[in-house]
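The values are calculated or read from the model by the stated rules, or taken from the named source; none is laboratory data. Being a predicted model, the structure only gives us computed values, none of them experimental. Neighbour counts run over all protein chains shown; Cβ positions are idealised from the backbone, glycine included. Areas reflect the complete protein model, heavy atoms only, side chains present, ligands, DNA and RNA absent. Shrake-Rupley method; radii C 1.70, N 1.55, O 1.52, S 1.80 Å.
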Amino acid sequence: MLSPAASPPPSPSPPPSPSLYFGYVTDGQGRPVVGAKVCGAQYCGYTDANGRYEFQGWSAGSSGKVFPPDGYEPKPVRVYLEGFPLYPGGQNITIRRITNVSMSPPATLAVGTRLGVFERVSFDDGTTESPVADLFVMTSSDPRVVKVGSGNGQGPAFVEGVKAGIASVSGRYFGVSTAMFQVQVVR
């Protein structure tokens, strides 16, 4: 009796090759953004002097995020949220450069009064809009005179008179600051 010939074991599959992610990060005027960190899932690369990024990743598409240097708005703005679709093989990304941050606190405020502060951000693409409220951060030179609130879940920006005196307040949005404003608190 003839025995059937034994089949050779299957040859192992070659390991998958990583995908190459690359492209350019530019601002609203088409200028390169230098030093931005571009990520697709857990894989990242930094932009060079020409705004070019490159990195390898092991997926055919990822949730993309851009973490730029101060003076630019990240993409997405709230980086803890889902990002934008990022695919290997070349993808250019535009982010907005912040050209101005302004706010309008009152010049005089009574003790115990809390007032909202109107803030605006201007971008290099010509748009002006309200900043993302929880990412606009205010400071006071003397919180014992003028208490400020904004950012980090505190809701819309505000100033509150604590005791009679004068304090300076300012705001900041992704590394760009407003002018300093003096607020006098009166009884």
> Tell me, what is the 1.4 Å probe accessible area of residue 31, in Å² to the nearest 10?
Replying inline: 100 Å²
> Expressed in nm², what is the orientationally averaged projection area of the convex hull enclosing the Cα positions of segment 109-187?
Replying inline: 5.0 nm²
>> At 0.36 nm per residue, and after removing the present C-alpha to C-alpha distance, how many nm does the segment from residue 129 to residue 113 gain when stretched out fully?
In response: 3.1 nm
> When the chain is fully extended, how far beyond the present Cα-Cα distance does residue 94 get from residue 141, taking 0.36 nm per residue of separation?
Replying inline: 13.3 nm
> On alpha-carbon atoms, Rg over Rh for the chain using Kirkwood Rh?
Replying inline: 1.30
>> Once the cut-off is 16 Å, how many percent of the Cα-Cα pairs in segment 57-106 end up in the long-distance tail?
In response: 52 percent
> Using the Karplus equation 6.51 cos²θ - 1.76 cosθ + 1.60 (θ = phi - 60°), what ³J(HN,Hα) coupling, rounded to whole Hz, does each residue of segment 39-56 give in order, writing x for Gly and Pro?
Replying inline: 10, x, 6, 8, 9, 9, x, 10, 6, 8, 4, 9, x, 8, 10, 7, 7, 9
> When only C-alpha pairs under 8 Å and at least 6 residues apart count, what is the relative contact order of the chain, in percent?
Replying inline: 17 percent
> Can you give the three extents of the C-alpha atoms in segment 142-187 along their principal axes, from longest to shortest, in whole Å?
Replying inline: 34, 22, 13
> Under a plain spin-label model, where a point goes 7 Å from the Cα along Cα-to-Cβ, how far apart in nm are residue 168 and residue 187?
Replying inline: 2.8 nm
> For segment 34-90, what does the alpha-carbon gyration tensor say about shape, rounded, prolate or oblate, given a ≥ b ≥ c as the root eigenvalues, a/c under 1.5 as rounded, and a/b over b/c as prolate?
Replying inline: oblate
> Which lysines does residue 75 reach when only Cα atoms under 17 Å apart count, and residues fewer than 8 places away in its own chain are ignored?
Replying inline: 37, 65
